[in-house]
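Below is one structure, written out as structure tokens; the observations come after it.
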Amino acid sequence: LKSKDLRQKLGYPIHLTQIHNAIGYLYLITERYKEAQKHYQKAIGQLTKIHDFNEISATLFNHAFLQFMSRNYENCIKTLDKLLQIMKIFNMTYLPYRTITDIYLIKAFCYYQLGESFKAIDLLNRVDSMSSIKLTFNHRFLYNILKGLIRADKGMIDGFIALFEDASNQLDPSNSSSKFMLPIYYLEYGRKLISIGKKEDGKKVLGEGIAFCNKQNYQYHKKLIEASLTDINSPLTTFNLVNTKLNLDSIIEIARQDVTLNKLQKKIREIEFISKLQELSNSCMDKDTIINSYLDLIHVNFPVDITNIYSKKGDKYKCLASKSSTIAKVEVPMEYIKDLIKKEEPVLLNLTNNSESLTRDNDLKFVINIPINWEPHGTLNLFVATINPHSSLTEDDLNILSISMKQFITILSRVIQELELLEMSRTDILTGLGNRQALQMALKDEFSKIKDSSENENSELSLMFIDLDNFKYYNDNFGHNLGDDLLKIFARFLKESFSSSDFVARFGGDEFIIILPNTNKSTAKLIGENILRKMSDRTSSFQLQIQSLLGEDIIINRENLLTCSIGIASINSKNKDLLSLDKLLKNADEAMYTAKKSGKNAIYVIEKNYIP
């Protein structure tokens, strides 16, 4: 109560509502209905100040349940009808700890007690048809009682007794306070047994009910049971709650206004989402950045916890990117994704209390899956899901995400095409190596790293300039086609000889340059010597390939064998201010010509730090 008083002073309507609901429940289960009514009315009084319609709906249900327990059945139906109006406005099927089937069941029970069995049976049939939305524990108890009463009215005595005997098993075993509903069982079971001629059995059940009420100090239901023992035909009195008029229509009007406002705000968010997605097409991003930016946009604009992008080409499936708002990463089985993609159309799945849920380990609530044909790349698939029980996805979300996926594929295709064109502009057509433009860009990047480093880092960069020896001989004697083939063979040889961190480029003609990051001149020389040794070992291999290309056996004199001359120049963080990029390149070129002048098939490392 101190907490309630403090919040009353500070003015926290939602917290006050929750506190009054909790106190009201404590009074309800002890059969102090007037005190419970006071707190439920105070909770309802706070409702116009809050816009949490889950809490509003839960409060209205609590008030209706008080009316039900006190046998104010007509008022209970009116309150539940207002509650159902709100739930329809918000398209709700669940409340905190309650379901829409619970509401239908309470209404059905009220109609039965008011003598309108037809309406009761109709609502019970609706409950049965909504098998995916389960009744909560205590309402399964009431379901058995109501179903049993209807069976008895139809003369199905065995079915009636079986349902009542099983009713107490349907109370929540984890909540001992749920026994407050047992007086309904004793009262209805005892009266019905007597009315069908099982007088002694009925009196025994009613006697057990009185004993239970004495133990729990339930005075109201005790009087009802005692009256039934005295005269089975005596009318059961309603507990006199204070007759106050609740202004529930104003709450419904607030609900409608909230829905209208929410729809407007959602439309604005959708427009902003599509607009921001379109902005991605104007940005200079690579493929992975574009995909991750798209996932970020979805997380900001939709109530999702998991967003994944998958690709399918042939029978190969791959997760391209994944984003999760949960602390622990949630793994979505690839087999589940495959099944969704095979449907070949966008789907929205409600997995709450649904057999379609994949959740052995996961607890997905709503899923949207959108596969889009992405020629010539196969299929691109968007998968989003909620885990939060208070979040849901709608058909509107499905539609806007489907539109966004089509836009996203257009943007992604353009980015990939531009990257391919850029790659082509930086690739030597003949050899597939980087061309002079790509070399210049890579050199600038590596040179900048050296320039930005401190002397203490001792960063180093080496440049290897390679020129094929005797290449002109092959061009002049066997034609340019063979010369081109030799350049391709040598390019493959270089690719195989260097690591992925090194950059191999064709500089022009029969000249090649290799950038060796984090490599000093001594190490570069060892690498160069290894190249010469491999070339020497492959002399016969080169000759055999030439013969194969020409389609005839030829003998090449030793002085005309295909070898190479290598020049090496280096820079480090200590001499970085003495060399420019052009001077480094010129040094390597000069070193290569020095090696060639020394007799070819040689390597030379330039020692000076600058060109005079």
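Values quoted throughout were computed directly from the atomic coordinates according to the rules given, and no laboratory measurement underlies them. Only a predicted model underlies this, so the values are computations on that prediction, with no experimental measurement involved. Here the Cβ is made from the backbone with ideal geometry for all residues, glycine too, and neighbour counts use every protein chain on show.
Remarks
- Rg then Dmax, both in Å and based on the Cα atoms of the chain: 41.0, 129.
- Computed [θ] at 222 nm, helices only, for the chain once each DSSP H run of length n ≥ 4 contributes -39500 (n - 2.57): -19000 deg cm²/dmol
- Span per principal axis, largest first, for the Cα atoms of the range 6-140 (Å): 49, 32, 24
- Förster-model FRET efficiency, 45 Å R0, residue 530 and residue 372, C-beta, rounded to 0.05: 0.35
- Helix 436-452 and the long axis of the chain differ in direction by around 80°, with both axes built from C-alpha atoms.
- Beyond 27 Å in Cα-Cα separation lie the following of the pairs 78/147; 34/154; 323/495; 525/596: 34/154; 323/495.
- Rg over Rh [alpha-carbon atoms, Kirkwood Rh] for the range 268-418: 0.94
- Under 20 Å from the Cα of residue 107 - aspartates and glutamates, other chains or at least 8 residues apart: 74, 81, 116, 122, 128, 153, 188, 249
- Cα long-axis angle, helix 287-301 against the chain (0 to 90 degrees, to the nearest 10): 20
- The tail of the calculated P(r) for the range 145-195 beyond 12 Å holds 62 percent of all Cα-Cα pairs.
- Trypsin sites (Lys or Arg not before Pro) restricted to the range 281-348 and DSSP loop, no more than 16 other C-beta within 10 Å: 329, 343
- For a straight C-alpha distance cut-off of 14 angstrom, the aspartates and glutamates reachable from residue 365 (same-chain residues fewer than eight places away being disregarded) are 305, 356.
- Each peptide in 298-307, 156-165 gets a packing score, the mean of other Cβ atoms within 10 Å over its residues, and the list from highest to lowest is 298-307, 156-165.
- Order by protection proxy (mean Cβ within 10 Å, highest first), peptides 52-61, 109-118: 52-61, 109-118
- Between 0 and 90°, nearest 10: helix 199-216 axis offset from the chain longest Cα axis: 70
- Per principal axis, descending, Cα span of the range 436-605 in whole Å: 58, 29, 23
- Over the range 79-138: Kirkwood hydrodynamic radius from C-alpha pairwise inverse distances, Å: 11.9
- Between the range 14-93 and the range 494-510, the alpha-carbon center distance in angstrom: 77
- For the peptides 561-568, 120-127, the ranking by mean Cβ contacts within 10 Å, running from highest to lowest, is 561-568, 120-127.
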